[in-house]
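K.L.:
The structure follows.
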Amino acid sequence: MKRAVIFDLDGTLLNTIADLAISTNYALRQCGFPEHEEEAYFHFVGNGITKLFERALPQDSRSGENVARMRACFLEYYTQHNTDYTRPYEGMEALLLALSSRGVKLAVASNKYQEGTEKLIRHFFPKIPFDSVLGQREGVPVKPAPDIVYEILSAAGVEKADALYVGDSDVDMCTARAAGVESVGVTWGFRSREELCCAGACHLADTPDEILRFCGIAL
């Protein structure tokens, strides 16, 4: 049985796309740039908010100055509204409780900024005893760099072979591969089944409870 499961946040634990789209469109509007349909944001997110802003800005306006302006406007709005439409995926809390009850250590590894990551976990999963909740932090490379996974495993005292990494994008599958950890690509998130397969997912899960089997726990 796996001793630890590391989860991505956006598109894996929580459906955050509406609040991310609305907040980024707010920042674009405030900065005088055109907005995007929500569907576009499925491919804008996944690599942290700096990359989100670069992708959302017009190609000829992706300067450091404009990204900084976007960041200030986005954080002002998103900090107040990041739970407006965000919800856990169906069956996710039950999965987390089932893993925890069997002594499996739980962690979050996100490219969302640290404060936002912590707030969402506290708000939506107050009963879940996560060992680590880590987001994007100054001086720590964002995923797909494996640093965040190494940090989680070290704190938990768990070897790579005893861990499972769960995510919804190519970024997540590449993170798991770089860290030498078995991966599960979830098909309910922001990216396609094809993307997950091409990125080298070890397993695919169509529902949260399937993850129990990949942990070595009978359904």
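K.L.:
Give the Kirkwood hydrodynamic radius (Å, one decimal) of the stretch 161-215, defined as one over the mean of 1/r across all pairs of different Cα atoms.
P.N.:
Taking every pair of different Cα atoms in the stretch 161-215, averaging 1/r and inverting gives 10.7 Å.
K.L.:
Sticking with this structure for a sec: Please report, for the Cα atoms of the stretch 77-163, the Rg to one decimal and the Dmax as a whole number; what are they, in angstrom?
P.N.:
For the stretch 77-163, the Cα-based Rg and Dmax read 13.8, 41 Å.
K.L.:
If you don't mind, there's one more thing I want to ask. For the chain, what relative contact order do you get, as a whole percent, if you take Cα pairs closer than 8 Å and at least 6 residues apart? Don't skip to the end; give the middle numbers.
P.N.:
On the way: 392 pairs, mean separation 55.4, N = 219.
Relative contact order, the chain: 25 percent.
K.L.:
Another question about this same structure. Taking N as the number of residues in the stretch 17-81, what value does Rg over Cα atoms divided by 2.2 N^0.38 Å take?
P.N.:
Compared with the compact-globule rule of thumb, the stretch 17-81 sits at 0.96.
K.L.:
For the stretch 34-156, what is the charge dipole size about the Cα centre, in debye to the nearest 20, if Lys and Arg each add +1 at the Cβ and Asp and Glu each add -1 at the Cβ?
P.N.:
Values: 14 positive and 17 negative charges, 89 e Å.
So the magnitude is around 420 debye.
K.L.:
Between the helical axis of 92-101 and the dominant principal axis of the chain, each derived from Cα atoms, what acute angle in degrees is found, rounded to the nearest 10?
P.N.:
40
K.L.:
Moving to a separate point now. Which of the peptides 63-71, 51-59 is most tightly packed, and how do the rest follow, judged by the mean count of other Cβ atoms within 10 Å per residue?
P.N.:
On the way: 63-71: 15.2, 51-59: 18.1.
Output ranking for 63-71, 51-59: 51-59, 63-71.
K.L.:
What number, in nm² with one decimal, is the all-direction average of the projected area of the convex hull of the alpha-carbon atoms of the stretch 118-219? Kindly include the intermediate steps, with their values, before the conclusion.
P.N.:
On the way: hull surface 27.9 nm².
Its Cα hull, projected and averaged over all orientations, spans 7.0 nm².
K.L.:
Determine how many Å³ per residue the convex hull of the Cα atoms of the stretch 1-132 encloses. Spell out each step's value before the answer.
P.N.:
Numbers: hull volume 14.0 nm³, N = 132.
Output value, Cα hull per residue: 106 Å³.
K.L.:
Moving on. Where the centre of each part is set by its Cα atoms, how far does the stretch 36-52 sit from the stretch 143-219, in angstrom?
P.N.:
Taking the Cα centre of each part, the stretch 36-52 and the stretch 143-219 sit 21 Å apart.
K.L.:
Ile217 to Cys197: extension gain in nm, 0.36 nm per residue of separation minus the Cα-Cα distance? Spell out each step's value before the answer.
P.N.:
Details: separation 20, 0.36 × 20 = 7.20 nm, distance 2.35 nm.
Length difference between fully extended and current span is 4.9 nm.
K.L.:
Please order Ile152, Ile22 by the number of other Cβ within 10 Å, starting at the fewest.
P.N.:
On the way: Ile152 25, Ile22 18.
Ascending Cβ contact count within 10 Å gives the list Ile22, Ile152.
K.L.:
Another question about this same structure. At a 10 angstrom cut-off on C-beta neighbours, averaged per residue, how do the peptides 125-133, 33-41, 180-188 rank from highest to lowest?
P.N.:
Numbers: 125-133: 15.3, 33-41: 13.6, 180-188: 22.0.
Highest-to-lowest ranking by the protection proxy: 180-188, 125-133, 33-41.
Every read-out reported here was derived from the displayed coordinates using simple, explicitly stated rules and does not represent laboratory data. Everything numeric here is computed off the predicted structure, so don't read it as measured data. Reconstructed Cβ throughout: ideal geometry from the backbone, glycine too, with neighbour counts over all protein chains shown.
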